[in-house]
Amino acid sequence: MTPDETYMKLAIDQARKAEAEGEVPIGAVIVYKGEVIASGYNQRESSQLASSHAEFIAIERANKKIGSWRLEDCTLYVTLEPCPMCAGAIVQSRVPRVVFGAKDPKAGCAGTLMNLLQESRFNHQAEVVDGVLEEMCSQMLTDFFRFLREKKKREKQTKDPD
């Protein structure tokens with residue numbers, strides 16, 4: 001197993017925490033010089049804050065741990081491709097390397113819809129590595145959303161027994 005796969009498994013563990021709380025299963029970890037210094041998972045539903053994405057939470061925790069807004073020697077691992085907000089936070093915090101699992105066809109801003117992490121007009125760009133444990137990351141999201149759809153269908157049938 002490569003180091004990227006090892007750290008992605010830790011991000012997947014974070015995603016499972018989100019899932020256990022009924023949140024979309026997305027997890028992130030930040031590694032500094034071979035040590036995990038921060039982690040986070042999606043908490044938008046429980047916090048009702050738009051910024052409660054896994055990456056955003058992990059970045060804020062890493063900032064506090066390091067004592068700086070600059071995360072220049074860190075790698076961010078996240079199970080789903082960063083959205084525009086998280087890509088912006090990554091650029092602003094100077095994370096030099098981002099590794100993600102599943103592509104996000106609806107909001108992916110690390111290469112799928114656009115690539116904000118490597119936009120040359122910004123004063124910082126990040127190396128992007130995609131597809132690490134992609135199948136595992138994708139399947140977790142697919143299963144979660146399938147479960148939600150089936151749950152809604154059952155609830156509708158219970159309310160409307162016609």
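Going by accessible area, probe 1.4 Å, with all protein chains left in place, what is the ranking of MET140, MET114, largest first?
Sorted by accessible area, descending: MET114, MET140.
Please report the accessible area of CYS83 (heavy atoms, 1.4 Å probe, ligands and nucleic acids excluded) in Å², nearest 10.
Near enough 20 Å² of accessible area.
May I ask for the longest run of the chain untouched by trypsin sites (Lys or Arg not before Pro) that are loop-located per DSSP and have at most 15 neighbouring C-beta atoms (other than their own) within 10 Å?
Longest gap between qualifying sites, sites excluded: 122-162.
What figure, in Å² to the nearest 10, do you get for the accessible area of SER46 with a 1.4 Å probe and non-protein molecules left out?
Probe radius 1.4 Å; accessible area of SER46 about 80 Å².
Between (1) 16.4, 61; (2) 16.0, 56; (3) 15.3, 47, which matches Rg and Dmax of the Cα atoms in Å calculated for the structure shown?
Evaluating Rg and Dmax of the Cα atoms in Å on these atoms matches (1).
Work out Dmax and Rg for segment 98-162 from the C-alpha atoms and quote the Rg first, both in angstrom.
Here Rg and the maximum Cα pair distance are 17.9, 60 Å.
Going by a ≥ b ≥ c, the root eigenvalues of the Cα gyration tensor, does segment 10-60 fall in the rounded group (a/c under 1.5), the prolate group (a/b larger than b/c) or the oblate group?
Cα axes put segment 10-60 in the oblate bin.
Take every DSSP beta bridge whose two residues both sit in the chain, then give the antiparallel share in percent to the nearest 5.
Just about 60 percent of them are antiparallel.
Calculate one ³J(HN,Hα) per residue across segment 118-135 by plugging θ = phi - 60° into the Karplus curve 6.51 cos²θ - 1.76 cosθ + 1.60, and present them in order as whole Hz with x for glycine and proline.
10, 6, 5, 6, 7, 7, 9, 10, 10, 5, 10, 10, 10, x, 7, 6, 4, 4
Which whole-Hz couplings ³J(HN,Hα) result when phi for each residue of segment 84-101 is put into the Karplus expression 6.51 cos²θ - 1.76 cosθ + 1.60, θ = phi - 60°, listed in order with x for Gly and Pro?
x, 5, 5, 4, x, 5, 5, 4, 5, 8, 6, 5, x, 9, 10, 10, 10, x
Tell me the per residue accessible area of segment 25-66 using a 1.4 Å probe; a whole number in Å² is fine.
Dividing the accessible area of segment 25-66 by its residue count gives 49 Å².
The values are calculated or read from the model by the stated rules, or taken from the named source; none is laboratory data. Small disclaimer: the values here were computed from a predicted structure and weren't measured. Note that we place each Cβ from the backbone using ideal geometry, even for glycine, and neighbour counts take in every protein chain shown. With ligands, DNA and RNA removed, areas are computed over all heavy atoms of the protein, side chains included. Shrake-Rupley method; radii C 1.70, N 1.55, O 1.52, S 1.80 Å.
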